[in-house]
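Q: Structure incoming, see below.
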Amino acid sequence: MSRPDDIHAADRPLDRAIRALYWVGYRLMLGVDFVLRPRTEGAYVAVWHDGRLLLIRNSYKGVHTLPAGGIKRGERAVEAARRELCEEVGIAVPTDALRESFQTLSLTEYKRDHIRVFDLRLDSPPPLRLDGREVIWAGFRTPEEALRLPLHAPVAAYVRATLSQDRED
C-alpha cells in the first residue's frame, strides 16, 4: 500500500552493501540473544500528524515499526527516544516535546525488552531524512491502516492501545 507521500531511500551501491551488513549483523545478534536471553530497554517514538502515525521499515527486518532503539547505560529513556528519532528519520526535537504514553514488555527477538513509547504530536508534516542503510522506507498511516500492515509486535500493541483509548474518550 504505497502512497505518493511515502519516502523511499535512495538505492546506491554502497548503501546496498551496508544494508547487507545490517542484515547479517541483525541475524548474528538474534543468535546471541537466543543463547543469552538478555533483558533490555528500548525507547520508541510515535510521531503523529493529522491523525496519522509515522511508520518506518528497517533494511534488515520484514515488519513496519516506529523510530526506536536501545537505551544506553546512564541514558534516560526520553533522551534515547530523542536520539533515535534524529538518527533514524532526521527529526530533531527537544526532549520536552516527547510525552511517554505507553509501556510494554516485549518477548520478541529472544529477549525481555521493556519498551517505552513516547508520543510526538506535530501540526505540520516533518521533513524526513532516511539514511538508506538502516531505514529504507517511511510513511504516515492511520492506526487502522497500520494494523493491516505487518507490524513489529510492540508497535501493534501500542496502536491497539491507542485505538481503544480513542474509543473511550
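The values are calculated or read from the model by the stated rules, or taken from the named source; none is laboratory data. All values reported here derive from a predicted model rather than from experimental measurement. Neighbour counts run over all protein chains shown; Cβ positions are idealised from the backbone, glycine included.
Q: Restricting attention to the range 86-109, which residues are in a strand (DSSP E or B) and either β-branched (Val, Ile, Thr) or under 11 Å from the mean Cα position of the chain (by Cα) (or both)?
A: Once the filter is applied, which keeps residues that are in a strand (DSSP E or B) and either β-branched (Val, Ile, Thr) or under 11 Å from the mean Cα position of the chain (by Cα) (or both), the range 86-109 yields only Thr104.
Q: Out of the residues in the range 106-119 that are of a type outside the set (Lys, Arg) and in contact with a strand residue (DSSP E or B) (Cβ under 6 Å, 6 or more places away or on another chain), which is nearest to Tyr44 (Cα to Cα)?
A: Among residues in the range 106-119 that are of a type outside the set (Lys, Arg) and in contact with a strand residue (DSSP E or B) (Cβ under 6 Å, 6 or more places away or on another chain), the one nearest to Tyr44 (Cα to Cα) is Val117.
Q: State yes or no: is Ile71 modelled with pLDDT of 95 or more and closer than 24 Å to Asp5 by Cα?
A: no
Q: Inspect all residues belonging to the range 150-169 and state whether any of them is in a loop (DSSP other than H, G, I, E, B), acidic (Asp, Glu), without any contact (Cβ under 8 Å) to a residue 12 or more places away in the chain and farther than 24 Å from Glu41 by Cα.
A: Scanning the range 150-169, I find at least one residue that is in a loop (DSSP other than H, G, I, E, B), acidic (Asp, Glu), without any contact (Cβ under 8 Å) to a residue 12 or more places away in the chain and farther than 24 Å from Glu41 by Cα, so the answer is yes.
Q: So if I check each of Leu53, Leu21, Leu30, which one is at pLDDT 95 or above and touching an Asp or Glu at 6+ places or on another chain (Cβ under 7 Å)? Talk me through it step by step, then tell me what you get.
A: Values: Leu53 fails: touching an Asp or Glu at 6+ places or on another chain (Cβ under 7 Å); Leu21 fails: touching an Asp or Glu at 6+ places or on another chain (Cβ under 7 Å).
When all the criteria are applied, what remains is Leu30.
Residue-by-condition table, conditions (1) within 14 Å of the chain's Cα centre (by Cα); (2) polar (S, T, N, Q); (3) closer than 23 Å to Arg3 by Cα:
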| residue | (1), (2), (3) |
| --- | --- |
| His114 | no, no, no |
| Leu120 | yes, no, yes |
| Gly132 | no, no, yes |
| Gly139 | yes, no, yes |
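Q: Same structure again: Of the residues Pro150, Pro126, which is surrounded by 14 or more Cβ atoms within 10 Å (Cβ to Cβ) and under 30 Å from Leu21 (Cβ atoms)? Talk me through it step by step, then tell me what you get.
A: On the way: Pro150 fails: surrounded by 14 or more Cβ atoms within 10 Å (Cβ to Cβ).
Of Pro150, Pro126, the one residue that is surrounded by 14 or more Cβ atoms within 10 Å (Cβ to Cβ) and under 30 Å from Leu21 (Cβ atoms) is Pro126.
Q: Condition test on Ile91, is it in contact with a helix residue (DSSP H, G or I) (Cβ under 6 Å, 6 or more places away or on another chain), free of Cβ contacts under 8 Å to residues at least 60 places away in the same chain and under 29 Å from Glu145 (Cβ atoms)?
A: For Ile91, the condition - in contact with a helix residue (DSSP H, G or I) (Cβ under 6 Å, 6 or more places away or on another chain), free of Cβ contacts under 8 Å to residues at least 60 places away in the same chain and under 29 Å from Glu145 (Cβ atoms) - is met.
Q: Across the range 1-36, what is the number of residues that are hydroxyl-bearing (Ser, Thr, Tyr) and either exposed (fewer than 12 other Cβ atoms within 10 Å of the Cβ) or over 20 Å from the mean Cα position of the chain (by Cα) (or both)?
A: First, pick out the residues of the range 1-36 that are hydroxyl-bearing (Ser, Thr, Tyr): 2, 22, 26.
Subset that is either exposed (fewer than 12 other Cβ atoms within 10 Å of the Cβ) or over 20 Å from the mean Cα position of the chain (by Cα) (or both): 2.
Of the residues in the range 1-36, 1 are hydroxyl-bearing (Ser, Thr, Tyr) and either exposed (fewer than 12 other Cβ atoms within 10 Å of the Cβ) or over 20 Å from the mean Cα position of the chain (by Cα) (or both).
Q: What is the one condition in (1) over 23 Å from Asp166 (Cα atoms); (2) in contact (Cβ under 8 Å) with a residue 12 or more places away in the chain that Cys86 does not satisfy?
A: (2)
Q: Test of understanding: among Arg83, Arg57, which residue is part of a helix (DSSP H, G or I) and not small (Gly, Ala, Ser)?
A: None of the others qualify; the one that does is Arg83.
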